[in-house]
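Just below is one structure, and these are the notes that go with it.
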Amino acid sequence: MTDETAKTTHFGFQTVAEDDKAGMVHGVFTRVASRYDVMNDLMSMGIHRLWKDAMMDWLAPRPGQHLLDVAGGTGDIAFRFLKRAPGASAVVLDMTESMLVEGRQRAEAARLADDLDWVVGDAMALPFAANSFDVYTISFGIRNVTRIADALSEAYRVLRPGGRLMVLEFSQLPNPAMQWAYDRYSFNVIPALGQVVARDRDSYQYLVESIRRFPDQDRFAAMIGAAGFGQVRYRNLTMGVAALHSGWKI
Ligand SMILES: C[S@@+](CC[C@H](N)C(=O)[O-])C[C@H]1O[C@@H](n2cnc3c(N)ncnc32)[C@H](O)[C@@H]1O
């Protein structure tokens with residue numbers, strides 16, 4: 001393939017070869033893994049916890065369900081799911097092993113390890129049979145995936161008929177004045193916080209740029225529908241700073 005025909009994508013605001021993006025994302029999360037949880041609390045002033053709780057409220061986990069949490073990182077979603085659904089089990093899949101290592105340590109401390117499996121893998125090529133999960137979640141992960149449509153198709157494939165997809169992701173504020181204020185915060189405060197706390201400005205610059213590049217609520221809902229899901233709905237969180245999208249394999 002020549003340079004002229006090579007496919008490109010974005011990495012934050014940079015244009016990069018599609019084949020290079022996953023390695024760059026992996027580099028970011030390998031660098032931030034040991035500081036990931038503390039940085040999440042600092043950057044969002046703890047609000048990410050409320051968003052993850054809101055995800056569980058809408059999802060309403062049921063006893064015995066089998067969850068696949070993709071890009072599950074340090075386990076926040078799987079832990080919440082297991083705490084709400086006695087007898088449930090979960091697989092946390094992530095392409096960055098150091099994020100899973102942090103998560104496994106937290107699971108052992110919280111005595112949740114028995115109901116959890118940790119798998120290194122790619123959202124675009126899941127190492128699971130078709131129709132094998134009741135619920136698929138992905139929280140703050142899908143905007144990092146090189147081909148979002150491929151990840152959604154894989155979600156559809158591994159869910160059983162009647163299974164549910166739920167996505168938590170940063171989104172766009174419908175109010176331009178609020179978006180302006182939020183952009184000032186994101187672009188000025190978050191990279192500086194990354195520099196001070198994690199000594200890594202570039203990774204946090206990528207994080208804020210990737211948020212800005214992600215499709216808005218309606219466009220993302222249309223992508224979920226295009227992957228085959230039915231009854232696609234979304235709910236804004238904190239005025240659209242983040243959004244939950246839900247769909248069913250019907
Ligand atoms: C911002 S963290 C989110 C972690 C966790 N889900 C949460 O909500 O706190 C994003 C995660 O996505 C993972 N990731 C990015 N691209 C991926 C892919 N193609 N397949 C699997 N994991 C991916 C990264 O390794 C990282 O751990």
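The values are calculated or read from the model by the stated rules, or taken from the named source; none is laboratory data. Everything quoted here is computed from the prediction, not taken from an experiment. Reconstructed Cβ throughout: ideal geometry from the backbone, glycine too, with neighbour counts over all protein chains shown. Only protein heavy atoms, including side chains, enter the accessible area calculation; ligands, DNA and RNA are left aside. Shrake-Rupley method; radii C 1.70, N 1.55, O 1.52, S 1.80 Å.
Pairing each residue of segment 33-46 that is closer than 18 Å to Met95 by Cβ with any residue that is at pLDDT below 90 and within 11 Å of the ligand (Cβ to nearest atom), provided the two are 6+ apart or on different chains, yields no C-beta distance under 8 Å.
For beta carbons closer than 9 Å, sequence separation of 6+ or different chains, a first residue in segment 234-250 that is in contact (Cβ under 8 Å) with a residue 12 or more places away in the chain and surrounded by fewer than 22 Cβ atoms within 10 Å (Cβ to Cβ) and a second that is part of a strand (DSSP E or B) and β-branched (Val, Ile, Thr), the qualifying pairs are Tyr234/Val167; Ser246/Val167; Ser246/Val232; Trp248/Val232.
Could you tell me which residue of segment 199-216 is surrounded by the fewest Cβ atoms within 10 Å (Cβ to Cβ), considering only residues that are hydrophobic (A, V, I, L, M, F, W, C) and farther than 20 Å from Leu152 by Cα?
We begin by selecting, within segment 199-216, every residue hydrophobic (A, V, I, L, M, F, W, C); these are 207-208, 211, 214.
Filter once more, so that each one left must be farther than 20 Å from Leu152 by Cα: 207-208.
Values: Leu207: 23, Val208: 21.
Restricting to residues being hydrophobic (A, V, I, L, M, F, W, C) and farther than 20 Å from Leu152 by Cα, the top hit is Val208.
The number of residues in segment 166-188 being farther than 30 Å from Ala60 by Cα, aliphatic (A, V, I, L, M) and in contact (Cβ under 8 Å) with a residue 24 or more places away in the chain comes to 1.
I need the full set of residues from segment 217-228 which are closer than 21 Å to Asn131 by Cα and open to solvent by less than 10 Å² (accessible area, probe 1.4 Å), in order please. Ile224 - this is the single residue of segment 217-228 that is closer than 21 Å to Asn131 by Cα and open to solvent by less than 10 Å² (accessible area, probe 1.4 Å).
If the condition is being at negative phi and either of a type in the set (Asp, Glu) or in contact with a strand residue (DSSP E or B) (Cβ under 6 Å, 6 or more places away or on another chain) (or both), then segment 59-81 contributes Leu59, Gln65, His66, Leu67, Leu68, Asp69, Val70, Gly72, Asp76, Ile77, Ala78, Phe81. Listed here are the helices (runs of 4 or more DSSP H) enclosed by segment 13-95 that have at least 1 residues being of a type in the set (Lys, Arg) and over 26 Å from Ser153 (Cβ atoms): 18-32, 47-59, 76-84. Selection within segment 86-132: residues that are open to solvent by 80 Å² or more (accessible area, probe 1.4 Å) and among the polar types (S, T, N, Q). The member of this set that is farthest from the ligand (Cβ to nearest atom) is Asn131.
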